[in-house]
1. With the checklist (1) farther than 24 Å from Leu117 by Cβ; (2) touching an Asp or Glu at 6+ places or on another chain (Cβ under 9 Å); (3) not aromatic (Phe, Trp, Tyr) in hand, flag the one item Pro233 doesn't pass.
2. Could you give every pair whose Cβ atoms fall below 9 Å, whose first residue belongs to the range 184-211 and is at positive phi, and whose second residue is surrounded by 13 or more Cβ atoms within 10 Å (Cβ to Cβ) and not in a loop (DSSP other than H, G, I, E, B), counting only separations of at least 6 or pairs across chains?
3. So, of the residues in the range 185-207 that are over 30 Å from Gln115 (Cβ atoms) and not polar (S, T, N, Q), which turns out to be surrounded by the most Cβ atoms within 10 Å (Cβ to Cβ)?
4. When the range 140-184 is examined, which residues are found to be charged (D, E, K, R) and buried (at least 18 other Cβ atoms within 10 Å of the Cβ)?
5. If I ask for residues that are hydroxyl-bearing (Ser, Thr, Tyr) and assigned to a strand (DSSP E or B), which ones from the range 93-129 would you list?
6. Of the residues that sit in the range 252-268 and are touching a residue at least 24 places away in the same chain (Cβ under 8 Å) and farther than 19 Å from Val120 by Cβ, which one is surrounded by the fewest Cβ atoms within 10 Å (Cβ to Cβ)?
Amino acid sequence: MFGEVLGRVMVNPFTSLNVPEILRVGIAGLCFLLSLLSFWLIQREQQQEGDPRKGILQAIYTFMIVNLVTAALVAASGYLGARLPNKSVADELGATTYLTDTLSYFVDLTKWTEQALGPVEITRSDSIRKVSDTHDNYEVPYYTTGTGIDAKFLTHTTEPDFDGPSEQHGAEGKHYLYKIAIGGQPLGYTEYVSTMFTFPNGFKDPNSEWWQASVAYPSRTVSVVIRFPASKPCKKIRVFKIPGIGDQKPIKENEPVLSNEKMIATWVGLNFEGKSRIEFDWDW
């Protein structure tokens with residue numbers, strides 16, 4: 001049975017194949033079809049009477065080499081294209097130094113107790129793309145009204161720094177600076193960093209609380225998942241945008257979704273300018 005199928009394919013390699021479906025695979029499908037065509041050409045030449053013609057074999061080998069080089073160039077261009085910044089998106093969002101392709105937060109409130117006012121663990125993950133030749137590092141300010149913030153670096157190529165605490169005149173709480181020293185990297189450099197920040201006692205209100213996600217650089221996608229304690233599910237949650245030092249503006253067209261008996265709140269936003277914050281206010 002296998003021999004019959006192979007024989008039919010070798011008569012004309014494209015009559016019994018679904019070429020469009022194979023090409024859907026992408027570069028792998030194209031390489032398969034080109035390799036099959038080369039094999040078919042060699043097989044046809046072997047069926048000729050007498051010795052294989054050197055000129056035809058040379059042409060087939062040249063065809064094979066050109067196919068391999070073309071496939072390699074296509075694969076390389078796809079890889080490099082994915083790594084280079086999307087200039088139109090960067091311009092549209094006003095990115096001048098860095099663009100965050102994805103910025104995600106997991107806010108874990110499940111260990112919070114009314115007696116300890118914590119701890120709350122917030123895991124921040126940044127997919128960073130450098131869109132200029134700047135020598136400035138990737139920096140995000142942090143602060144808390146509690147006793148402090150601890151940082152645990154989970155995933156990185158360049159290990160971040162978390163400096164502080166410090167007190168700023170006229171500003172509430174203790175301030176920190178989350179810094180990733182990639183200013184010396186070239187244009188188009190990408191970095192994925194994930195860090196867990198622990199707030200021992202920064203969430204003090206047992207009835208209504210709030211938390212802000214800092215969007216320091218233009219971000220294509222911002223996602224937030226908040227998990228509430230089993231004894232304190234979320235009653236109501238609202239989301240606001242705070243551009244720069246501007247006023248708080250409610251986001252009504254894209255509200256958080258509560259699930260799992262109001263134990264989990266999920267929110268996703270697209271295309272945020274830098275130097276802004278997203279605030280979540282909830283009753284629990």
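1. All conditions pass for Pro233, except number (1).
2. Sorted first by the residue in the range 184-211, then by its partner, the pairs are Gly188/Arg129; Gly188/Lys130.
3. Val193
4. Step one: list which residues in the range 140-184 are charged (D, E, K, R), which gives 150, 152, 159, 161, 163, 167, 172, 174, 179.
Within the range 140-184, Lys174 is the sole residue that qualifies.
5. If the condition is that a residue be hydroxyl-bearing (Ser, Thr, Tyr) and assigned to a strand (DSSP E or B), then Tyr98, Thr100, Thr102, Ser104, Tyr105, Thr113, Thr123, Ser125, Ser127 are the ones that fit.
6. The qualifying residue surrounded by the fewest Cβ atoms within 10 Å (Cβ to Cβ) is Glu261.
Laboratory data are not the source of any read-out in this text; all were calculated from the coordinates shown. Predicted model only: the values in this text are computed from it and were never measured. Cβ: placed from backbone, ideal geometry, glycine included. Neighbour counts: every protein chain shown.
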